[in-house]
Amino acid sequence: MTNSAEAAAHWAKFIAECPEFVAGEAPLAQFNAGKITRLCECGCNSFNMVLEEGRQTAPIVPPSGRGHAVFLAEFPTKQPPGASLEFIVYADANGDFDGLDVHLNGNTEPIPEKLVVSEAPYHAYGILARRGRPCSRADLSEKQRRPPTSTPAIMKYLTVVFLFVATLAAAPSVHSADRKGSMSHVEERSESGSPIYRHKPRSPEWTAPRHSGKNLEEVEAHVEKYIGKVESVYHEVLSDLVHLDVLIVPATAERPYHVLVTSGVSDEPMNVPEGMQKFRRVELLIALPRDWPLDQESLKNEANYWPVRWLKTIGRLPHEYKTWIGWGHSIPNGDPPEPIANTGFVGAMLTPPYSLPKDFFQFRTKSGDTISFYVLTPLYKEEMDLKLKKGADTLEERFEKRGIGFVLDTKRANVAKAKGWFGK
């Protein structure tokens, strides 16, 4: 379908009539009162627009001071069969309709002349979605920034939008710190003396980030210096509070595991206790076995996607609740905690990256900020209880004694349980 003013009008009407889109006719009214400023020529049907001077219509979202995506949806198609049609609705700084991205199969194929879209989308996210939370936690785009030399030119700038319907049971409403540091407002403590933070839902529910990729280049350079080459990045399409990307360092012959590292948690300082300013900016990582699938199709399965989800959810937690995360902090999957995806884990604890070079743990940015890195270590229920009762030191000692390594093993031994007949 050739991109044109007629095509733009068609898709603006299509989105306005989508039951999952709560703004209804508002963007269509603005489309009819505005003028198109850009029609993409890459084969998609994306466009940008602006209200004509003097034309007054109601904004589609409250003004935020910056442009951002407000609605994402992915529809299955009947023709061509088995394809995916993706939409991203944008608002400008004034909250007015700014444009629409319309892509087929992550913009890997042009929009065909004959296109039949199913009535209901697979997924719908964003502040203008009728169901679900803002899409910043689940909606990623994977941008292959270093494609093979044989890749066609158009693929060099491929952006594949992943929309995942599975969500965490809830945003973590409680987490436990360890003995390092305390905050004056904390009253509840575990048996080990660790403060327990319980969080209430914040208001507003969604806030555009002040920065986007503030430390991305320096974090990436640090990761490549001590771990390996960053071959791809899962970029967020919509971001809440901080723009949180995930860097992918794939396994190699010398390093038989993948490493996933966040970039964006450190864009904003955390609300750390007095005397711990050196630890107020952090990033998170997790190591996955070589055979862990990280391709687009596999990541639609929550059994494969959950490590990415947890990196992003825990990374955003301190900014959501104006708190902090650091060594020994444990975060349950809900209250009471539930199993994570198809595993026996019910939460996670943050530990220093003991298995990496010691100089990887912290580095100083050009702006003078110190960024610390922590490993996301999933825990069984009994291990969570042990940590609360005796502290993170005890748990880490048991990990070392039982040979629990740096790389995620969903079938590993539970170190809070006694060994069986065969030492397991």
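The values are calculated or read from the model by the stated rules, or taken from the named source; none is laboratory data. The shown structure was predicted, so the numbers you read here are calculated from the model rather than taken from an experiment. Every residue, glycine among them, receives a Cβ derived from its backbone with ideal geometry; neighbour counts consider all protein chains shown.
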> With G315, G334 as the choices, which residue is assigned to a loop (DSSP other than H, G, I, E, B) and closer than 29 Å to R210 by Cα?
Replying inline: G334
> Do you know which residues across segment 56-79 are more than 21 Å from N32 (Cα to Cα), modelled with pLDDT under 85 and polar (S, T, N, Q)?
Replying inline: S64
> Taking segment 388-403 as the region of interest, how many residues are closer than 16 Å to S355 by Cα and either assigned to a strand (DSSP E or B) or in contact with a Lys or Arg (Cβ under 6 Å, 6 or more places away or on another chain) (or both)?
Replying inline: 0
>> Taking the condition of being surrounded by fewer than 18 Cβ atoms within 10 Å (Cβ to Cβ) and touching a strand residue (DSSP E or B) at 6+ places or on another chain (Cβ under 9 Å), how many residues in segment 300-313 meet it?
In response: 1
>> Please go through segment 26-43 and give me each residue that is more than 28 Å from the chain's Cα centre (by Cα) and either exposed (fewer than 15 other Cβ atoms within 10 Å of the Cβ) or among the aromatic types (F, W, Y) (or both), ordered by number.
In response: F31, N32, K35, T37, R38, E41
>> I want to confirm something. Restricting to segment 314-360 and keeping residues that are small (G, A, S) and crowded, with 22+ Cβ neighbours inside 10 Å, which single residue is farthest from P195 (Cα to Cα)?
In response: G315
>> If a residue counts only when it is closer than 21 Å to H235 by Cβ and among the aromatic types (F, W, Y), which strands (runs of 3 or more DSSP E) contained entirely in segment 6-95 have at least 2 such residues?
In response: 84-91
> Is it the case that some residue within segment 365-373 is surrounded by fewer than 15 Cβ atoms within 10 Å (Cβ to Cβ), of a type outside the set (K, R) and closer than 23 Å to N304 by Cβ?
Replying inline: no
>> Considering only residues that are over 27 Å from E297 (Cα atoms), acidic (D, E) and surrounded by 20 or more Cβ atoms within 10 Å (Cβ to Cβ), which ones fall in segment 44-93?
In response: D92
